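Bear in mind that the values in this text are calculations on the coordinates, not laboratory data. Remember, predicted model here, so these are calculated numbers, not experimental data. In this analysis, Cβ positions are derived from the backbone assuming ideal geometry, glycine residues included, and neighbour counts consider all displayed protein chains.
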Amino acid sequence: MKEKEGKELTKQGAGPENRLVLICFSGDLDKALAAFVIATGAAAMGMDVVMFFTFWGTPLLRDKKKKVGGKDLMGKMFGAMLPKGVSKVKLSKMNMGGMGTVMMKSLMKKKNVASLEDMLELAGEMEVRIFICEMSMDLMGFKREEMIEYPNLTFCGVAKMLEEAQNSKVQFFI
Amino acid sequence: MKEKEGKELTKQGAGPENRLVLICFSGDLDKALAAFVIATGAAAMGMDVVMFFTFWGTPLLRDKKKKVGGKDLMGKMFGAMLPKGVSKVKLSKMNMGGMGTVMMKSLMKKKNVASLEDMLELAGEMEVRIFICEMSMDLMGFKREEMIEYPNLTFCGVAKMLEEAQNSKVQFFI
Amino acid sequence: MKEKEGKELTKQGAGPENRLVLICFSGDLDKALAAFVIATGAAAMGMDVVMFFTFWGTPLLRDKKKKVGGKDLMGKMFGAMLPKGVSKVKLSKMNMGGMGTVMMKSLMKKKNVASLEDMLELAGEMEVRIFICEMSMDLMGFKREEMIEYPNLTFCGVAKMLEEAQNSKVQFFI
């Protein structure tokens, strides 16, 4: 919907009154949905959006097709127990052994609400910037090589996120 | 405590530095309590307050006395499984099969903390504006006719909420 | 790392564009970790930081070595069921009967992430201001005498927190 060239500059040069920072802490389907609806909605309104994925939110950015070796026992355990990408996340409530999540996803389809996969792609097209918390990756033993391809991806710490937050108008911890 | 006429104008004309936007995502008693204490506290300080109810927060605004028909199977299921109004919500922790929630409510009474029902009414009197997320209502099959009567109720989408957030000083995602 | 004298003045006189307000609502290890990483990170960047502990966050500020008597039945129950200080909190997910929490703590040690106890002390040294919600303490039957010693501790209500939030640039509800 816009020209690819010079986009980052335009949006990132937008000034604090037009910037939104989301801390995506949760690894639940419902909260991730809220985060992406807010992020893409704000980007559609011309806001410069930063999503900082941390803690349980970090595994949502793993690429389900990528495999990496050389992990220690803890890293393997986290790798196995946490969702591998946005398509694997579950509802925080009414999951009912997975049935609730399946129901919600079919409802989203029926009601024309985009899936998380589609919203992530849309976010990329709309120049939403994604930050991944390096401390969380380190704790959970995730490697950069297993993360998704995304146009505006930055591996960073809390200081970088706070810098953006200080220069933003709206912030949410999700 | 104030004149009824012209109130909305005064508060809504207050300017961004005096506006608070709360996203009420949670359907838990404890978080709803936090949201209403913050909302009514801010309104008492003269702030213009917007509460945007979305996802699990949406069913809190159902009127327990209203019945609507014509729902499909999914709508009926969500209708039956989710709390019908603020008087039906439960603690997120220590619920203990409902006992924790009963204890918390009796404690609130004893310690003179207003109930959610009372706080919702107070919020109305204090001109707190309530937005209900239409996408959430659509997903859960809720109809406008089953929602509460409230002086300042708006059915809207994320864009309207973001507009208010952009013109606000303080925002919380609860 | 800085002189003790005159610190509060300097930071608190910093102006709204340099102030951060965190509502610490959660009593979970993961969210408390996020709160303290953000708080100490922001303080290290020179921001004036306020952490407002409310609801499930309140028991994190109990001193595990202090004992108080004279509580009623409800107060005793809350006292026994809720964590006594930051060293006792558990993960919100993957706790697995406590094993997940033990694993996470050992991981934090291995990866050189400070423990909550250390971060709380660091926060004190960095002049992070801590507010404790009096309504929550009252509900849960906590007394001032059982709370931690901390250089910048204030017992207050939501209005005091909102005043700081109104004069801050960044706010998160955690």
*How many percent of Cα pairs in the protein assembly as shown exceed 31 Å?*
45
*A:Phe131's amide H: which non-local residues (gap 5+, or another chain) put their own amide H closer than 5 Å, with H modeled 1.01 Å from N in plane and none for Pro or chain starts?*
A:Met51, A:Phe52, A:Phe53, A:Thr154
*When the helix-only estimate is applied to chain C (DSSP H runs of n ≥ 4, each -39,500 (n - 2.57), divided by the residue count), what is the mean residue ellipticity at 222 nm, nearest 500 deg cm²/dmol?*
-11500 deg cm²/dmol
_Loop by DSSP (not H, G, I, E, B), at most 14 other beta-carbon atoms within 10 Å: where is the longest site-free stretch of chain B for trypsin sites (Lys or Arg not before Pro)?_
B:112-174
*Where chymotrypsin sites (Phe, Trp or Tyr not before Pro) fall in DSSP loop in segment A:57-161, at most 10 other Cβ within 10 Å*: none
_Ascending list, in nanometres, of distances separating the B:Glu149 label from those of the other copies (7 Å, Cα toward Cβ)_ = 5.9, 5.9
_For A:Ala80, inter-copy label distances in nm, listed shortest first [label point 7 Å out on the Cα-Cβ vector]_ = 3.8, 3.8
*asked:* Need one number: % antiparallel among DSSP beta bridges in the protein assembly as shown, to the nearest 5.
replied: 5
*Run through the other copies and list how far each one's label point is from that of A:Glu163, in nm with one decimal, shortest first; the point sits 7 Å from Cα along Cα-Cβ.*
3.5, 3.5
*Pull out a ≥ b ≥ c, the square roots of the eigenvalues of the alpha-carbon gyration tensor of segment A:64-116, then state rounded if a/c is under 1.5, prolate if not and a/b is larger than b/c, and oblate in the remaining case.*
oblate
*Would you mind getting me the FRET efficiency between A:Glu145 and A:Glu125? Use the beta-carbon distance for r and R0 = 30 Å, nearest 0.05.*
0.80
*May I ask you to derive the relative contact order of chain B, considering only C-alpha pairs under 8 Å and at least 6 residues apart, and to give it as an integer percent?*
36
*Set the Förster distance to 22 Å, then compute FRET efficiency between C:Asn112 and A:Lys65 from the Cβ-Cβ distance, nearest 0.05.*
0.10
*Which whole-Hz ³J(HN,Hα) couplings does segment B:145-151 yield from phi under the Karplus relation 6.51 cos²θ - 1.76 cosθ + 1.60, θ = phi - 60°, glycine and proline marked x?*
5, 9, 8, 5, 7, 7, x
*Take every residue in peptide C:27-34, count the Cβ atoms of other chains within 10 Å of its Cβ, and give the average of those counts.*
3
*How big is the antiparallel share of DSSP beta bridges in segment B:1-151, given as a percent to the nearest 5?*
10
_Cross-link table B:Lys31/C:Lys65; A:Lys84/A:Lys105; B:Lys105/C:Lys31; A:Lys90/A:Lys160; B:Lys65/B:Lys160, entries beyond 21 Å C-alpha to C-alpha_ = B:Lys31/C:Lys65; B:Lys105/C:Lys31; A:Lys90/A:Lys160; B:Lys65/B:Lys160
*asked:* Looking at chain A, identify the longest residue range that excludes and avoids all GluC sites (Glu not before Pro) in DSSP loops having at most 10 other Cβ atoms within 10 Å.
replied: A:6-148
*asked:* How would segment B:27-167 be classified by its alpha-carbon gyration tensor: rounded, prolate or oblate, with rounded meaning a/c under 1.5 and the a/b versus b/c comparison settling the rest?
replied: oblate
